[in-house]
Amino acid sequence: MRPLAAAALFVAALSLTGCGAKEGGNATLWVTRDRGGQVLLVRSVPAGLTAMQALDRVAEIKTSYGGRYVQSLEGVSGSATSQRDWFYFVNGVEADRGAAEYRLHPGDVEWWDYRAWMREPHVPVVVGAFPEPFLHGYAGKHRSTAVRYRPSVARGSAERIGRLVGAASVGPAGRPVAAGSNTFEIVPGRRIFRAWGEARGPWHFEIGAGGARRLAANPGVARFRFRGLP
């Protein structure tokens, strides 16, 4: 091979590596407004890209701070005056790093939402990407999950949800949970569905028994929602 041709191939290989092409597989990208109330965009993107690169591929964006901060997305701009801005999650978990630093893994869900932040500037985990973050975790790191249910809850719903989240164990409330595990608890009630935790986990979800039956039958029933059921 000629030296110039070999050099060209080497540069091309470096370029692909820099774009994250070596990861393989796909991720999903969502863009919504007002805590998922309005869906603007749903696309498939290559895994291995940074969250910012993936967003730039499928949406019209304007950035600031050297390309590290999303100022405008699909013509909608953040504003300190109106106290509204763009925030992003990965697998329903509020990211702990800039979009230019997070590299997507196969199966990840990258989710951008434009919302008011005055009363609630920090939303660590949301339910709308279910069955994430249980399946793919965060930043490629995955924890085991335990599903627990109260005595008044049908075990069948708990077992079906256990299969959806790949639970390591399904059992009644009070059964010990391995240290560091995610938990998904089914409690009495109908419309309860909430989540808490931090970026690196563990994550804890709680849902009412009536909601658990709906979720087991239709895992997308809470899609794009921050909390609660429709």
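Which of the residues spanning segment 80-110 are in contact with a Gly (Cβ under 9 Å, 6 or more places away or on another chain) and either without any contact (Cβ under 8 Å) to a residue 12 or more places away in the chain or over 27 Å from A158 (Cβ atoms) (or both)? Passing the criteria: R84, D85, W86, A100, R103, L104, H105, P106. The criterion of at least 1 residues that are more than 19 Å from the chain's Cα centre (by Cα) and under 27 Å from F193 (Cα atoms) is met by the following strands (runs of 3 or more DSSP E) wholly inside segment 45-128: 84-90, 109-116. If you filter segment 202-227 down to residues that are of a type outside the set (A, V, I, L, M, F, W, C) and either open to solvent by less than 20 Å² (accessible area, probe 1.4 Å) or more than 16 Å from the chain's Cα centre (by Cα) (or both), you find that the one that is nearest to S144 (Cα to Cα) is E206. When segment 11-43 is filtered for residues that are at pLDDT 95 or above, out of contact with any helix residue (DSSP H, G or I) (no Cβ under 9 Å at 6 or more places or on another chain) and open to solvent by 20 Å² or more (accessible area, probe 1.4 Å), the ones remaining, listed by number, are G25, N26, T28, R33, D34, R35, G37, Q38, V39, L40, V42. The C-beta contact set for segment 158-180 (first residue farther than 19 Å from H136 by Cβ and open to solvent by 50 Å² or more (accessible area, probe 1.4 Å), second residue outside any strand (DSSP E or B) and among the hydroxyl-bearing types (S, T, Y), distance under 7 angstrom, 6+ apart or interchain) comprises A178/S144. The numbered conditions (1) modelled with pLDDT of 95 or more; (2) touching a helix residue (DSSP H, G or I) at 6+ places or on another chain (Cβ under 7 Å); (3) not small (G, A, S) are all true for E206 except (2).
The values are calculated or read from the model by the stated rules, or taken from the named source; none is laboratory data. Computed from a predicted structure; not experimentally measured. Note: ideal-geometry Cβ built from the backbone for every residue, glycine included; neighbour counts use all protein chains shown. Only protein heavy atoms, including side chains, enter the accessible area calculation; ligands, DNA and RNA are left aside. Shrake-Rupley method; radii C 1.70, N 1.55, O 1.52, S 1.80 Å.
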